[in-house]
Amino acid sequence: MEIFNNILIYFVIVPLLTLLGLALCSNKGIGAIRAVAVAGATVLVALAGYLVYLFLQARGAGDTSEMILRSEVMWYAPLNVKLALGVDGVSVVMILLSAFIVFAGVFASWKMNPLPKQFFLWFYLLSTGVFGFFISIDLFTMFMFYEVALIPMYLLIGVWGSGNKNYSAMKLTLMLMGGSAFLMLGIIGIYFHSSADGNWTMNILEIAQNDAIPHQWQMWLFPLTFIGFGVLGAMFPFHTWSPDGHASAPTAVSMLHAGVLMKLGGYGCFRIAIYLMPFAAQQLGWIFLTLTGISIVYGAFSACVQTDLKYINAYSSVSHCGMVLFAILMFNTTAMTGAVLQMLSHGLMTALFFALIGMIYGRTHTRDIRDMGGMMQIMPYLGVGYVIAGLASLGLPGLSGFVAEMTIFVGSYMHSDVFHRVLTIAATCSIVITAVYILRVVGKLLFGEVQNEHHRELTDASWEERLSTATLILAVAIIGCFPNFFVNIISDSFLPIVGALENAARAAGMM
Amino acid sequence: MPLSYTIAVIAIPLLMFLFLGLVGVKMNKKVTGVLGVCGMLITTILAYGVALTYFFGTGEGQMVDGVRKAVTVFNPDWLSFSDQLVVRMGIMLDPIAAMMLVVICTVSLMVHLYSLGYMCDHHGNAEKGFQRYYAFLALFTFSMLGLVVATNLFQIFIFFEMVGVSSYLLIGFYYTSPAAIHASKKAFIVTRLADLFFLVGILILSFYTQTFDFFGNDVNGIMGMLDDPQASLAQAGTTTFMGCSAMAWALTFIFIGGAGKSAMYPLHIWLPDAMEGPTPVSALIHAATMVVAGVYLVARLFPLYVLVQGAMDIICVVGAFTAFYAAAIACVQSDIKRALAFSTISQIAFMMTSLAVSSANGQLIEIHGGYGLGYMASMFHLFTHAMFKALLFLCAGAIIHAVHSNENDKMHGLHKYMPITSIAFLIGCLAIAGIPPFAGFWSKDEILVAAYEKGLGWGLWMSMVAGMTAFYMFRIYFLIFHWKKHEIHTEHAPADQPWTMTLPLIILATISIVAGFVPAANLVTWDGAPLHTQLNWTVACSSVLIACVGIGLAFKMYYKENALPERMANSCRGLWTAAYKRFYMDELYQFITHKVIFQGICKPIAKFDRAIIDGFFNMLAQVTNQTSFGIRKLQSGSIQSYVYFYLIGALLLAGITMACVLL
């Protein structure tokens, strides 16, 4: 078939083949399982790198179309559902991010016990969903892949988790499913208004082209889809699944979840909610902007008093992901580019954090910072990694967090409306609060005297742990040192979306 | 030497950091130290070459009609926010940047060399983390150099953050000591708070100017907009928000950013605590270089500040108050590093005030036909202060290394044991007190002239602070080296330290003697044109007289052991205690951070999150659960009840149908 000539489809096929390979492994053969898992992840990283190359080449050759590498196959003709593929700059970098995190995640779950084979099976099913979501431009397939990514979460947390895992798994799944319900309603609504002449379609580009959704319908569909994705993006007040879910999830799942899955939320918000309903976005944006503004400060303040390492990072994620949605709602290219940079940055550094926390927890069997101290003397490699992750999180120049946050702040402050600018200044306060909670945990966990004498016998990182963390640190540093490379890939992708928003504003007489 | 060599000046410390940080940890400690010193030596030589070329050469466009112009060596894009608004990472040389290169490299080289001896115990074994120490020193040097050669405001902000982190890492070098951890955290968070204001200031300013660059390449930079009434900068001056122009807001916020780094009241509280770091670090970062970053920032934007008199007035008042406040505290401190830290705060406040007294009513004040004397004096004082304050700190380090204590009651009478250190310290004290011909006299004199020109009140106030400076410095000197015979507390008697530590003292002492003769008025002025200054004999004589009074008082009270200081402290016990406790500013901050922010905001929010928001979703789940339990009873599996419900349903339907048919 013609679609197999498109490199994008292999982002789904490779994880599926890995799944197959894992299924053929015996339960006991941990070596074989690891080999298959690593092979799959390596191929994905290579593919993602090649995709970036293809994208740059296409753009360099003067291809200015909105999406490149497009192809589609009819899947279900009566509803006009297709498997439609295509990527723009944002999808490309998100795919690259996902590949990196899957790679690091495999090494972080090297000693997964019990049932390693089943763990990796679900892990790769989740990855299939994630990659599928980013390569699709058809609402139906996007939604399908979205669900594929969510469901394995329940088992991954319920079976391999720790602490109050049943409660957390249930809570996380139910809340995200609640979001999906809103989303499905929204998608159905969009479908039935997707064109003026009755040739209904699920293809995002065509819907945006038709621009046929009536304004009064947009006012319903925008909140439905935005909240649907916002739940996954940990938007206040729908964020409470995140602390419990992260706390109970095993390391690699936390990494994948915070690193990639939460990005599906932000991605969906602008690709579907804002792009397809620009009029309502202009009208109702301020409500969600206020909510995300609250997320930013609220998450940061909440993180200040937590004592469980994972809770600290979960609340910090609420704050950082709030910033993603906040920037998206500023409706200009700079802020939205910042949002994508923040997705990349948050994905990598949170994955790094969760990997390190997992490694520390695997040794000390506690995540309570009050029971730990002086870890820097015992495990210097992990300690230095934690400090670097912390500095990235509080926005040290040269690491990714700074670049992302500054692009967001500068972009948001470009907004012509005073309300938006004041809100931006309020959001900038988070950089101080972030410093407070990061330094608090670094001071308590790593510095000072060793609290528990038994900890003195613990060992520093093993080779696979070093590889996993070093990959992520390197990625964080590359984004932080050479941001323009990424900005150039990302920023043009927002021109159609910003264009649609401006048209809507002009139509409504706001400009 | 071509000015493009500045790139190497910046790059070598960065490479040193990466090398020492990644590879050096596995290497021999001494080797890494020597490597660090060599790297720094090369950097220093290059920096001197570049600075001399800039000041005295003419080949690269630095001199146009007898006026020194800023030269942009290179300026590549780093991060594009939009087509216009681009953050560049470049190198720009102008008089103050070139001067700062010299200051930073000199002090940094001295500190690198000195640390070879200081970071070892008495048997000459290097301390734990020796390599890490040198890596961080290199990182700091890189960040500070990057800051001073910045071509745009955003680059300054970036390096502001970088020096903040280097300072955090070095203050917390002894990371097992709770005091060091606390101090490093405090320093970072206080300066971060100030940086937040700086950031907001940049956002506001760039919203109007649409550029961060000082001097643009293709588009106009901020400085280029000054003379253009049509420029967007003029719009920033007229747009008002809450009664003040956007420009005034932006510049005040940027000043707050600088005030955080430069430890102006009330953001000074981190600096005394930062003395928990190794003493050479205090000399480099917390006396000579990083703490003047705020002064440098205001000097960088000086032409803008002149336009907004409101912002200048704030700087003036804050500076003058801080100078007095810190000097008052320095008079009673018993820990020598803390006393020196307050002295640093006071001296930096001198520089700030000096910048601010240059203008009145939005115009520069004319003195002897020249403009901006205060600016020149401030930069000159920055230069001389860096030298003698680094000297004083390094002497203090030598003393601390010898007696293993920071408290001056463990010292006393050290002159006999450590003669070289004693003389070096005396030179530093004479310089800071403003006794001719030592360096401090020349620069402080210019500041006082500028202050008297602004107004008699400002001049008298600053003269008084200068007198206090002489008093507290000589109080420290006499208490350390005289007062009474030294009691030996450790197993070996204190003595002068090895040559690695003594040589920097001798070099810096020499510079402190001669630095006053640098023709700063010809080299470092706000517009690049030479400024003609002459010694104002009234001011000079009176300030020397005041300094002598201060020294005399200190001599009377502290040269020989006597009860006078104790009697004076008792006569105003309340004031003395308040000053000793630094006027309770730390307690106030403690209250605000712990009681108000932590207990009053963070905890309630976290509780609210768990109880209300999470509680709501849990309640939803509970309600669903209860409802399904209720409905479950319908599916009981008993045939009787099914038939019963079936019959009721059938009868109801039949009834409704009947009713419909009949009616």
Subject >> Cys with no candidate disulfide partner in chain A (beta-carbon separation under 4.7 Å rule) >> reply: A:25, A:269, A:321, A:429, A:481
Original post:
Where a ≥ b ≥ c are the square roots of the eigenvalues of the C-alpha gyration tensor, would you call segment A:231-298 rounded, which needs a/c under 1.5, or, failing that, prolate if a/b is larger than b/c, or oblate?
Top reply: oblate
Original post:
Could you give the distance between the Cα centres of segment A:316-353 and segment B:85-158, to the whole Å?
Top reply: 32
Subject >> Ordering of B:478-484, B:249-255, B:498-504, B:552-558 by packing [mean C-beta count within 10 Å, highest first] >> reply: B:249-255, B:478-484, B:498-504, B:552-558
Original post:
How far apart, in nm, are two points set 7 Å out from the Cα along the Cα-to-Cβ line at residue B:553 and at residue B:587?
Top reply: 2.6
Original post:
Roughly what percent of Cα-Cα pairs across segment B:442-516 reach past 19 Å?
Top reply: 63
**OP:** Determine Rg/Rh for segment A:313-470; Rg is computed over alpha-carbon atoms and Rh is the Kirkwood hydrodynamic estimate from the same atoms.
**Re:** 1.06
Original post:
Taking a threshold of 20 Å on the Cα-Cα distance, which of the pairs A:165/A:310; B:186/B:337; B:186/B:261; A:28/A:117; A:263/B:185; B:389/B:454 fall above it?
Top reply: A:263/B:185; B:389/B:454
Original post:
What is the local net charge at residue A:350, summed over the other residues whose Cβ is closer than 14 Å to its Cβ (Lys, Arg +1; Asp, Glu -1)?
Top reply: +2
Subject >> Orphan Cys of chain B, criterion: no other Cys C-beta under 4.7 Å >> reply: B:38, B:105, B:120, B:244, B:316, B:331, B:395, B:429, B:541, B:548, B:572, B:660
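Could you order peptides A:40-47, B:520-527, B:175-182 by the average number of other Cβ atoms within 10 Å of their residues, highest first?
B:520-527, A:40-47, B:175-182
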Original post:
Going 7 Å from the Cα of residue B:368 toward and past its Cβ, which residues in segment B:421-448 have a backbone nitrogen under 20 Å from where you end up?
Top reply: B:434-448
**OP:** Could you work out the mean projected area of the convex hull around the alpha carbons of the protein assembly as shown, in square nanometres to one decimal?
**Re:** 55.4
Subject >> Computed label-point distance, nm, for sites residue A:287 and residue B:125 using a 7 Å Cα→Cβ extension >> reply: 7.0
Subject >> Given charges at beta-carbon only (K, R positive; D, E negative), |dipole| of segment B:402-548 in Debye >> reply: 280
Original post:
Regarding segment A:193-271, what are the three Cα extents along the principal axes, ordered largest first, in Å?
Top reply: 50, 23, 15
Subject >> Other-chain or far-sequence residues with amide H under 5 Å of residue B:73's (modelled H) >> reply: B:91, B:92, B:93
**OP:** For segment A:2-507, report the translational diffusion coefficient in µm²/s to the nearest whole number, using Stokes-Einstein at 37 °C, 0.692 mPa s, and a Kirkwood Rh over Cα pairs.
**Re:** 145
Original post:
Given only helices, namely DSSP H runs of n ≥ 4 each adding -39500 (n - 2.57), what is the per-residue ellipticity at 222 nm of the protein assembly as shown, to the nearest 500 deg cm²/dmol?
Top reply: -22500 deg cm²/dmol
Original post:
Once you average over the residues of A:373-379, how many Cβ atoms of partner chains fall within 10 Å of each Cβ?
Top reply: 1
Original post:
What is the dipole size for segment A:2-507, taken about its Cα centre, with +1 at each Lys and Arg Cβ and -1 at each Asp and Glu Cβ, in debye to the nearest 20?
Top reply: 900
Original post:
If we count other beta carbons within 10 Å of each Cβ, what is the order of A:66, A:405, fewest first?
Top reply: A:66, A:405
Subject >> Highest to lowest packing among B:285-296, A:436-447, B:637-648, B:592-603, scored as the average C-beta count within 10 Å >> reply: B:285-296, A:436-447, B:592-603, B:637-648
Original post:
Could you give the dipole magnitude of segment B:22-133 about its Cα centre, charging the beta-carbon of Lys and Arg +1 and that of Asp and Glu -1, in debye to the nearest 20?
Top reply: 500
**OP:** Please tell me the relative contact order of chain A in percent, rounded to the nearest whole number, where contacts are Cα pairs under 8 Å and at least six residues apart.
**Re:** 15
Original post:
If you take the beta carbon distance between residue B:645 and residue B:619 as r and set R0 to 25 Å, what does 1/(1 + (r/R0)^6) give as a FRET efficiency, to the nearest 0.05?
Top reply: 0.20
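Within a 10 angstrom radius of each residue's Cβ in A:336-343, how many Cβ atoms of other chains show up on average? Whole number is fine.
Per-residue shielding by partner chains comes out at 1.
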Original post:
Once the Cβ-Cβ distance between residue B:244 and residue B:601 is put in as r, and R0 is 35 Å, what FRET efficiency do you end up with, to the nearest 0.05?
Top reply: 0.80
Subject >> Size descriptor, Kirkwood hydrodynamic radius, that averages inverse alpha-carbon separations across segment B:510-599, Å >> reply: 18.6
**OP:** Would you work out which of B:539, B:510, B:593 lies farthest towards the positive end of the dipole of segment B:494-598? Charges go on Cβ: Lys and Arg +1, Asp and Glu -1.
**Re:** B:593
Original post:
Name the residues of segment B:416-453 whose amide N is less than 20 Å from a point 7 angstrom out from the Cα of residue B:48 along the C-beta direction?
Top reply: B:439
Subject >> Beta bridges per DSSP with both ends in chain B, % antiparallel, nearest 5 >> reply: 95
Original post:
Is the shape of segment B:555-663 best called rounded, prolate or oblate, per the rule: a/c under 1.5 gives rounded, else a/b larger than b/c gives prolate, else oblate, with a ≥ b ≥ c the square roots of the Cα gyration tensor eigenvalues?
Top reply: prolate
Original post:
Per residue of B:592-599, how many C-beta atoms from partner chains lie within 10 Å of its own C-beta, taken as a mean?
Top reply: 1
Subject >> C-alpha center-to-center spacing [segment B:367-420, segment A:448-469] in angstrom >> reply: 43
Subject >> All-pairs alpha carbon distance profile, chain B, 10 Å steps from 0, percent >> reply: 3, 15, 24, 24, 15, 6, 3, 2, 3, 2, 2, 1, 0
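Taken together, the values in this text are just the output of simple stated rules run on the coordinates, not laboratory data. Predicted model only: the values in this text are computed from it and were never measured. Using ideal geometry, Cβ is built from the backbone for each residue, glycine included, and neighbour counts are taken over all protein chains shown.
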